[in-house]
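Inspection log for the structure reproduced underneath, given as structure tokens.
The values are calculated or read from the model by the stated rules, or taken from the named source; none is laboratory data. Just so you know, these numbers come straight off a predicted model, no measurement behind them. So basically every Cβ, Gly included, is an ideal-geometry build from the backbone, and we count neighbours across all protein chains shown. Side chains are part of the model used for accessible areas, which takes the heavy atoms of the whole protein and leaves out ligands, DNA and RNA. Shrake-Rupley method; radii C 1.70, N 1.55, O 1.52, S 1.80 Å.
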Amino acid sequence: MRDKLEQIKVEALEKLKECQTSQMLDEVRVKYLGKKGELTAILRGMGQLSAEERPIVGKIANEVRETIENAIQEALKEIKNKEKNYRLSLETIDVTMPGKRNKIGGLHPLTKALDEIKEIFIGMGFSVAEGPEVELDYYNFEALNIPKNHPARDEQDTFYINQNVVLRTQTSPVQIRVMENKKPPIRIIAPGRVYRSDTADATHSPIFHQIEGLVVDKGITMASLKGTLDTFAKRMFGEKTRTKFRPHHFPFTEPSAEVDVSCFVCGGEGCRVCKGSGWIEILGCGMVHPDVLRAGGIDPDVYSGFAFGLGLERIVMIKYGIDDIRLFYENDVRFLKQF
Ligand code: DAH
């Protein structure tokens, strides 16, 4: 019987060593110490032993039980520990891992350039005005002195909603709306979308942006116009920029001019950006036509004014060397990220 007990002890301890989980430990416990366990069976059979033997075997049996129980407790502790360490290892944070960068959005290049232009004109005392994109034919053409047979009215260029309503083809109608609502001195810029029924290609888009400017007061002259636009060009393209006013024709200004700036890439030497001329055309302008002042409810014998209009896309394309206007509207992040 002693041998049997010894064998049970050795066997049980051996089995415990192999246990990987608390469930496996329990199985060992049941096998030896459970109600139908091997050690329990021996303790039960003790009644058959003689009176001298019983206490001795009983003592050994108890020791074996204790040893096994202790070993189970030990093993349980160890397994619990291992399980905890495993769980902790899953939860640990490796502070040396590279972080996940948050992708931060940016402003669209047109928005950025517009902000810059607004800033420049606001610095010269202008305020920002707005007008509707769905516009009356009257404001878009008639009041701007654009006669019925003018090519700008050709249906090919204009989206007509109906006979009297168009998608504005220019921001110039805002001039009339401002003059109707405000007495001089007037000093505004009016940025916004304009529409033309052009087929999209590298330099044309059916929708693009213009920035209109209007100044009306007593004693406004061509010199005021030149000074304002020259200051704008220097702030926008750099202090060294020179401007050139070329005579031109617009129905709503008289006299009219187109303004070129000296090429900010080559400084006027001639390069790819200015196509060798040293100059880049950036806007149209002129002294507000007396008929246009009248249409705005302003007496041309008392007041005079100048106006200008520039294409936002064109300026941004020149500034960044962008060769296709469609890139502005495709929202390809690889394009947008560059600004
Ligand atoms: N509205 C003109 C266009 O779309 C641009 C323009 C030229 C606006 C001269 C003006 C101006 O105010 O004075 O082509």
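Ordering Q20, A71, L39 by the projection of their Cα atoms onto the charge dipole of region 2-90, which places +1 on the Cβ of Lys and Arg and -1 on the Cβ of Asp and Glu, puts Q20 at the extreme positive end.
Solvent-accessible surface (1.4 Å probe) assigned to M317 amounts to roughly 30 Å². Taking a ≥ b ≥ c as the square roots of the eigenvalues of the alpha-carbon gyration tensor, region 103-232 is classed oblate because a/c is 1.5 or more while a/b is no larger than b/c.
Within the shell of other residues whose beta carbon sits under 13 angstrom from the beta carbon of Q7, the net charge comes to -1, with Lys and Arg scored +1 and Asp and Glu -1.
Over all distinct Cα-Cα pairs of region 2-90, the Kirkwood formula returns a hydrodynamic radius of 14.0 Å.
Summing -39500 (n - 2.57) over the DSSP H runs of n ≥ 4 in the chain and dividing by its residue number, what mean residue ellipticity at 222 nm do you reach, to the nearest 500 deg cm²/dmol?
The helix-only estimate for the chain comes to -13000 deg cm²/dmol at 222 nm.
Only bridges whose two residues both fall in the chain count here: according to DSSP, what percent of them are antiparallel, nearest 5? Close to 95 percent. Net charge of the neighbourhood of N85, taken over other residues with C-beta under 11 Å away and scored Lys/Arg +1, Asp/Glu -1, is +1.
Here region 109-336 is treated as an ellipsoid with the same Cα gyration tensor; its semi-axes, largest first and in whole Å, are 27, 23, 16.
For H108, the solvent-accessible surface computed with a 1.4 Å probe is close to 40 Å², ligands and nucleic acids excluded.
Measuring against 30 Å, Cα to Cα, the residue pairs K112/K226; K118/K148; K31/K77; K103/K319 contain K118/K148 as the ones spanning a longer distance.
Within the shell defined by Cβ-Cβ distances under 12 Å, the residues around I146 carry a net charge of -3, with Lys and Arg each +1 and Asp and Glu each -1.
Within the chain, the whole DSSP H helices whose Cα atoms reach 15 Å or more along their own axis and whose mean Kyte-Doolittle score is at least -1.0 are 22-33, 53-91, 109-123, 222-237.
Think of a 1.4 Å ball rolled over the protein heavy atoms: region 235-279 then has 59 Å² of accessible area per residue. Of the residues P132, N81, P55, the one whose Cα sits farthest toward the positive end of the charge dipole of region 49-157, with +1 on the Cβ of Lys and Arg and -1 on the Cβ of Asp and Glu, is P55. Highest GNM mean-square fluctuation among V30, V178, V128, for the chain modelled with Cα contacts below 10 Å: V30. In the chain, the portion of solvent-accessible area held by carbon and sulfur atoms comes to 51 percent [1.4 Å probe, whole percent, DNA, RNA and ligands not counted]. Cysteine residues of the chain whose C-beta has no other cysteine C-beta under 4.7 angstrom: C19, C285. Excluding same-chain neighbours fewer than eight residues apart, the aspartates and glutamates reachable from K4 by a Cα-Cα span under 13 Å are E38.
Ranked by accessible surface with a 1.4 Å probe, highest first, in what order do E281, E18 come?
E18, E281
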